Amino acid sequence: MAGTIVDMHLHTTRGASDSMLDPEDLIAEANRIGLTGVNITEHDRMWERWDLAPFRKAHPETFISNGMEVSTDHGHVVAVGLRGYEGGIRRLERLREVADEQGAYLIVAHPFRHFFDPIHFKRQGKPAFTLGPEEAAKLPVFQLVDAVEVLNGCNTPRENYFALQVAKILGKPGTGGSDAHSNQGIGYFSTQFDETVETPEHFLQLLHRGAYTPVQGLPEGEVENFWDAPPPVEVPA
């Protein structure tokens with residue numbers, strides 16, 4: 001199996017109040033299923049250096065990235081390569097500026113979650129979502145990120161496939177992550193890199209190069225490329 005396979009979206013008890021996933025259990029499950037990398041993305045925070053360094057040292061078999069899921073005015077964005085949380089990054093335009101200054105990489109997370117549930121927008125007093133992929137690709141959020149999360153473990157197949165269509169229209173790469181908050185689903189949706197990731201710096205280089213592919217099925221021992229996947233049955237042709 002060529003290249004490191006990274007679950008790009010995970011939350012643990014170390015930094016997410018809504019997670020039940022102990023970091024040690026995360027690594028144990030990763031080892032069990034053959035997941036060779038994890039991008040830990042706590043909500044609006046990153047692990048402190050004094051927690052991260054010994055954790056990495058204790059688990060040299062797994063590449064461990066210290067990411068963050070930032071809550072912005074355009075939805076949730078997974079950031080890789082930030083030095084830490086900074087004031088103002090809840091505005092996506094400011095997050096983009098900071099990312100450019102620090103060489104970080106931004107991925108819009110689960111961009112169409114609940115978008116095909118008419119009740120979701122009705123509760124907000126908004127009309128139902130009717131845009132096609134071409135129109136949706138023009139939404140402001142996609143102009144301010146580097147990549148699109150096209151596989152999210154908490155999304156429906158229709159939501160994920162629509163995100164894939166939008167990513168292709170944009171010409172931007174797609175990532176996969178479980179969005180796990182417990183042991184369930186870790187690594188089922190993940191991202192396979194073209195090379196074995198050696199360091200956080202190397203990880204960022206590969207991200208910026210787009211040298212990766214969204215994949216699914218690792219825990220079942222059948223890693224499938226999602227980028228060329230056919231529409232799921234529930235998606236109208």
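The values are calculated or read from the model by the stated rules, or taken from the named source; none is laboratory data. It should be emphasised that the depicted structure is a prediction, and the values quoted were computed from it without experimental measurement. Note that each Cβ is placed from the backbone with ideal geometry, even for glycine, and that neighbours are counted across all protein chains shown. Remember, those area values only see protein heavy atoms, side chains included, never the ligands or the DNA or RNA. Shrake-Rupley method; radii C 1.70, N 1.55, O 1.52, S 1.80 Å.
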222 nm mean residue ellipticity, helices alone, for the chain (DSSP H n ≥ 4; -39,500 (n - 2.57); rounded to 500)
-8000 deg cm²/dmol
What lysines could a cross-link reach from Lys168, if we take a straight Cα to Cα line under 21 Å and drop same-chain neighbours fewer than 8 places away?
Lys138
Among DSSP beta bridges whose residues both lie in the chain, state the antiparallel percentage, nearest 5.
50
Positive-end residue of Ala137, His110, Gln124, charge dipole of the stretch 102-156 with Cβ unit charges:
Gln124
Whenever you get a sec, compute what percent of the accessible area on the chain sits on carbon and sulfur atoms (1.4 Å probe).
50
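Net charge near Gly87, counting Lys/Arg +1 and Asp/Glu -1 over other residues with Cβ under 12 Å of its Cβ?
That works out to +1.
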Computed magnitude of the charge dipole of the chain (debye, nearest 20; Cβ of K, R +1, Cβ of D, E -1):
660
Rounded to the angstrom and largest first, Cα extents along the principal axes for the chain equal 50, 42, 33
As a test question: what accessible area, to the nearest 10 Å², does Tyr188 have when a 1.4 Å probe is rolled over all protein chains in place?
80
For Ala58 and Asn183, compute 0.36 nm times the residue count separating them, minus their Cα-Cα distance, and round to one decimal in nm.
43.0 nm
For Asn225 and Lys168 in one chain, what is 0.36 nm times their gap in residues minus the Cα-Cα distance, to one decimal in nm?
19.1 nm
Dipole axis of the chain (+1 Lys, Arg; -1 Asp, Glu on Cβ), positive-most option in His9, Ile40, Ala163
Ala163
Long-range HN-HN contacts of Thr36 with modeled amide H, under 5 Å
Ile5
At 1.4 Å probe size, with every protein chain present, just tell me what the per residue accessible area of the chain comes to in Å².
47
Residues other than Leu206 with Cβ under 11 Å of its Cβ, Lys/Arg counted +1 and Asp/Glu -1, net out at -3
Nearest 10 degrees is fine. How inclined is helix 49-58 to the longest principal axis of the chain, computing both from alpha carbons?
70
